[in-house]
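Below is one structure, written out as structure tokens; comments come after it.
The values are calculated or read from the model by the stated rules, or taken from the named source; none is laboratory data. Nothing here was measured: the structure is a model prediction, and the numbers come from that model. Here the Cβ is made from the backbone with ideal geometry for all residues, glycine too, and neighbour counts use every protein chain on show.
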């Protein structure tokens, strides 16, 4: 994958929000429950609710249909990157994504790389430049994982 394509599959800047509600956009679920509302929590909130504040992730997998941008922003903001050894993420950009958000994705992606993440594998699932639609699976290794604080058993 070219650097340009890697640059296009990046994260979104999110306002500081602890709990976000959103309508589920998946067609099948929406038809059954058109007013279904989901409570969404940050990774830090989930870790705290499980009592895992001092834990680390061997691997964190995210496939959350465009909301990965918000999740990645939250992980960076909450300084959780040193606790993630590997990240497998499916990035999405949809046709209605404003160009201003895509520019923000690039800024967040730079911060993500500065945090130590390097891509070791990727697969373009869908790409259509006419639609401005991308779906790509990417696997990252964290070169700055804190092995001293989180030793591998």
Which numbered condition trips up residue 106, out of (1) under 19 Å from residue 77 (Cβ atoms); (2) in a loop (DSSP other than H, G, I, E, B); (3) out of contact with any strand residue (DSSP E or B) (no Cβ under 6 Å at 6 or more places or on another chain)? (2)
Pair list, Cβ under 9 Å, 6 or more apart: the range 126-143 residue surrounded by 12 or more Cβ atoms within 10 Å (Cβ to Cβ), other residue assigned to a loop (DSSP other than H, G, I, E, B) and at pLDDT below 80: 134/9; 135/9; 136/1; 136/9; 138/1; 138/9
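Take residue 86 and decide whether it is over 9 Å from the mean Cα position of the chain (by Cα), within 12 Å of residue 145 (Cβ to Cβ) and either assigned to a helix (DSSP H, G or I) or at pLDDT 90 or above (or both).
Details: over 9 Å from the mean Cα position of the chain (by Cα): yes; within 12 Å of residue 145 (Cβ to Cβ): yes; either assigned to a helix (DSSP H, G or I) or at pLDDT 90 or above (or both): yes.
When the stated conditions are applied, residue 86 passes them.
Those residues that are in a helix (DSSP H, G or I), in contact with a strand residue (DSSP E or B) (Cβ under 9 Å, 6 or more places away or on another chain) and modelled with pLDDT under 75, I need them from the range 26-46; list them, please. Reasoning before the result, please.
Our first condition is that a residue be in a helix (DSSP H, G or I); within the range 26-46, this holds for 27-32, 43-46.
Narrowing further to those that are in contact with a strand residue (DSSP E or B) (Cβ under 9 Å, 6 or more places away or on another chain): 30, 43, 45.
Across the range 26-46, the qualifying residue is only 30.
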Failed criterion for residue 151 (all others in (1) without any contact (Cβ under 8 Å) to a residue 24 or more places away in the chain; (2) farther than 16 Å from residue 75 by Cα; (3) within 17 Å of the chain's Cα centre (by Cα) hold): (3)
Say whether the condition of being farther than 20 Å from residue 128 by Cα and either part of a helix (DSSP H, G or I) or free of Cβ contacts under 8 Å to residues at least 40 places away in the same chain (or both) is met by at least one residue in the range 90-98. no
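Listed here are the residues, each with its yes/no results for (1) part of a helix (DSSP H, G or I); (2) in contact with a helix residue (DSSP H, G or I) (Cβ under 7 Å, 6 or more places away or on another chain).
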residue: 48; (1), (2): yes, no
residue: 58; (1), (2): no, no
residue: 70; (1), (2): yes, no
residue: 75; (1), (2): yes, yes
residue: 79; (1), (2): no, no
residue: 82; (1), (2): yes, no
